[in-house]
Amino acid sequence: MRLTLWYVGAFSVVLILFSAGVYFFVEHILRERMDANLRFTLQVTSSALTRHAAPSFSSDLKGGVEHSSVAEALEDPRFPGQMVAVVDAEGRVLARRPVSSALVFRLPALPLRASPSPQFYELPESSSDADDSCRGIYQLLTPVSSSGPSSIIVVTASMESLSDQLDALQNVLAIAIVLALLLAGGGGWFLARHSLSPLAAMASATERITANKLEERLPVGSSDELGRLASRFNDLLSRLSASFSQQRQFMADASHELRTPLSVVRTAAQVALQKPKRSVSEYREALAVIEQQAGRLSSIVEDMFALTRADMNQLSLAIDELYLDEVIADTIRTSDVLAQRKGVHLKSQDMQEAPYRGDERLLRQMISNLLDNAIKFTPEGGTVEVQLQQAGTSYEITVSDTGCGIPDELQPRIFERFFRADTARVGTNGLGGAGLGLAIARSIAELHQGRLTLKNSGPEGSTFCILLPFVPPVGEPAIRPCPTAN
């Protein structure tokens, strides 16, 4: 309704201004045409009177009566719709043509002020019911002799015809404006309802969308702007639905992961408290179980907190100048203790200096997560190898193991939170992680504008690849690629 009213209001202003312009333009043209006709009649009449000028004509003017010479001068030519008269200095009409006419002959208030140049005058209606408005022109007639009397030629015409034409034009314009506004308002209302009906359908559909009904979608009609808006909104709903599903799955998985160690802690405490007295070794064994599960709980909570901060873009980076080869070497030495306990051989190629700008703590955690994951799922006697080389404008860090590999159908999900391909890769020590290590490692890589991918996986093992963007410092030589492992 508001759109239609605004449209009709703007259209009415344009129509009124246009109609007013047309009216005043036509009025100006008609008045100019009428004045031109009056001026032409005055010129012809003045010429005719001049041609008939004679002593007898002068005596006729002195007599103040209509004689044949003046009448003959006014006989030819004749101008329909106009009245021509000769008036003396005292305002008496000496002659006029036509003698009998429906046109009322009216003189201006002060005809004695006539001058040799033509002057126009206009008289309104004498009364409300009289149609005697007129417009005329008068001019001082040059006397035949210097001693001759002065007279005035008056030409007048009725204004009723002009007024009737302007009234008819005004009525036509008024009717046209009303019809145009009705047509524009009806058409605008129809077009507005037709154009905005998708919005009404979208509004109705959005009222049905709740947190528990995110599968609802907006109707997508044509491919215009509203259709594209509905498509983008549906894409937003799809992302929200996926996010809600991910959050629900995250909560369910987190509850499951937290419930297991809490249940173990509670069971160990209950068993220890069942008897009033137990030996020191039994209490120590129960406390060791509790301490182990508490550590697992702490690790899960820290990982969940890190992922939550990464999702909220609150995981800030402490950027420092460092060398990736040193970070990798230190992480390998730390993880080598777990590898020796497991009976896994952890090795790395000789790495050249790799200057880099990044967060050393997070980079260590990223590489450590990959190494722990590789050691955990590599059988005794297997090998885990780490390589660092420069690939174009990026550093490439690869972590390879000789485990049993990951099935093809599970590979797209290995970076999901709390996902563990236990059926394919079960830790030989019987202890499985919470399924957050790879997700955290990928988040850290993305924070450094890099990416973490599964390069390949099969019965011979798996290889994970980290690509980190590299810009050599000014004056720093480029790093030579490391030799490829045999």
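All of the numbers you see were taken from the coordinates with simple rules; none came from a lab. All values reported here derive from a predicted model rather than from experimental measurement. Here Cβ is always computed from backbone atoms with ideal geometry, including for glycine, and neighbour counts include all displayed protein chains.
Assorted remarks:
- Residues of the stretch 346-375 satisfying the condition of being free of Cβ contacts under 8 Å to residues at least 60 places away in the same chain, loosely packed, with under 15 Cβ neighbours inside 10 Å and not basic (K, R): none
- Across the stretch 227-258, the number of residues qualifying as out of contact with any Phe, Trp or Tyr (no Cβ under 6 Å at 6 or more places or on another chain) and under 30 Å from I300 (Cα atoms) comes to 20.
- Residue satisfying all of: in the stretch 276-293; surrounded by 15 or more Cβ atoms within 10 Å (Cβ to Cβ) and among the hydrophobic types (A, V, I, L, M, F, W, C); farthest from G437 (Cα to Cα) among these: A286
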